């Protein structure tokens, strides 16, 4: 018999796994493509993080609800249809309400469909767990993805543009590190973050 | 057999429901998105014509100060002071570059250039969208074609500075402007001289 406290402990464990132990970027190296591409400005990183979190939550809810109905042989295509639907919703809503951000992150919103975090969590977690646990897992993974993206973006925007969220932070004569605004800068910063994250979590390379 | 039929029914049902949801979202957002795009184009035209405006009054300012005209399928926009703006487009280094270019009533010099769409290298080619870069086009003579020179070397009134590290984009941009001006300005000239 499951007691209430055990349920709570389970929820906490699910959440901590998502934001730290099984962190999608540090631990599983998933979702790297988009993390590299849209972490050049904090604003874009927040929008992308929110988009991925929303898609994770919506997908988690629907897959956990349908988990007994989804035929095993077509589960992958089912995930794909569900994820694609919510990604298109995010894309349209961004275009309608935040046209500037939509233009800045452009094609990467559509590429949330191929973000392995969502596919990975669907297969590893939502298909086997109850709605509540799935939503907590979605929130944790979304949060884990978002805070990593935003931390990388803070470093890149500060050095690449001299600003944070568009506000000038660096002094007037500051020489912008153009490489930080471009893809190579993302590789450097993300690699350093993964290194720090893994060292702190005490993970060993396999 | 029964499994297979159930599988197909499941996929079809899920697909239909989700498609219906998408149709609804599309129906709700399309008018807003079109409105956003229209405002973006109008503010781009106002900027090219050097008309100052409040960000929330693009529509009103545009309606009061700019007239839209047509000539042989070319749409162009005339401001109160006679400046004329028209859209341009062409291929940059990585993707299309689109925007608005405005000329002065003498049909000889540029009034302003704006960019509304580009996919150039971030931090290098994308610097063509920086106001400081676009500002140099103001007052340049385009009648004999704009000419690209090395960064900081422009001296004659038809010369444009290129961007360090983004030569290909700079070249493509000036070429796009020259081609569009050459094609569109004679049309507008005919339209206006009637």
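Where helices (runs of 4 or more DSSP H) fall wholly inside the range A:82-162, the ranges with 1 or more residues that are in contact (Cβ under 8 Å) with a residue 24 or more places away in the chain and within 14 Å of chain B (Cβ to nearest Cβ) are A:99-105, A:107-110, A:131-161. Inspection of the range A:171-183 finds no residue satisfying the criterion of being part of a helix (DSSP H, G or I) and within 14 Å of the chain's Cα centre (by Cα).
Residues that are away from chain A (no Cβ under 14 Å) and either closer than 14 Å to residue B:192 by Cβ or loosely packed, with under 15 Cβ neighbours inside 10 Å (or both) occur in the range B:108-124; there is at least one.
Surrounded by fewer than 16 Cβ atoms within 10 Å (Cβ to Cβ), more than 14 Å from every other protein chain (Cβ to nearest Cβ) and assigned to a helix (DSSP H, G or I), is that true of residue B:64? Taking the combined requirement at face value, the residue satisfies it. Among A:29, A:25, which is the only one that is more than 13 Å from every other protein chain (Cβ to nearest Cβ), in a loop (DSSP other than H, G, I, E, B), surrounded by fewer than 17 Cβ atoms within 10 Å (Cβ to Cβ) and touching a residue at least 60 places away in the same chain (Cβ under 8 Å)? Of A:29, A:25, the one residue that is more than 13 Å from every other protein chain (Cβ to nearest Cβ), in a loop (DSSP other than H, G, I, E, B), surrounded by fewer than 17 Cβ atoms within 10 Å (Cβ to Cβ) and touching a residue at least 60 places away in the same chain (Cβ under 8 Å) is A:29. Taking the range A:42-71 as the range and being facing chain B (nearest Cβ under 9 Å), out of contact with any helix residue (DSSP H, G or I) (no Cβ under 6 Å at 6 or more places or on another chain) and free of Cβ contacts under 8 Å to residues at least 12 places away in the same chain as the test, only A:69 passes.
FYI, it's all coordinate maths here, none of it is from the lab. Source: prediction; values computed, not measured. For neighbour counting, all protein chains shown are included, and Cβ atoms are generated from backbone atoms with ideal geometry for every residue, glycine included.
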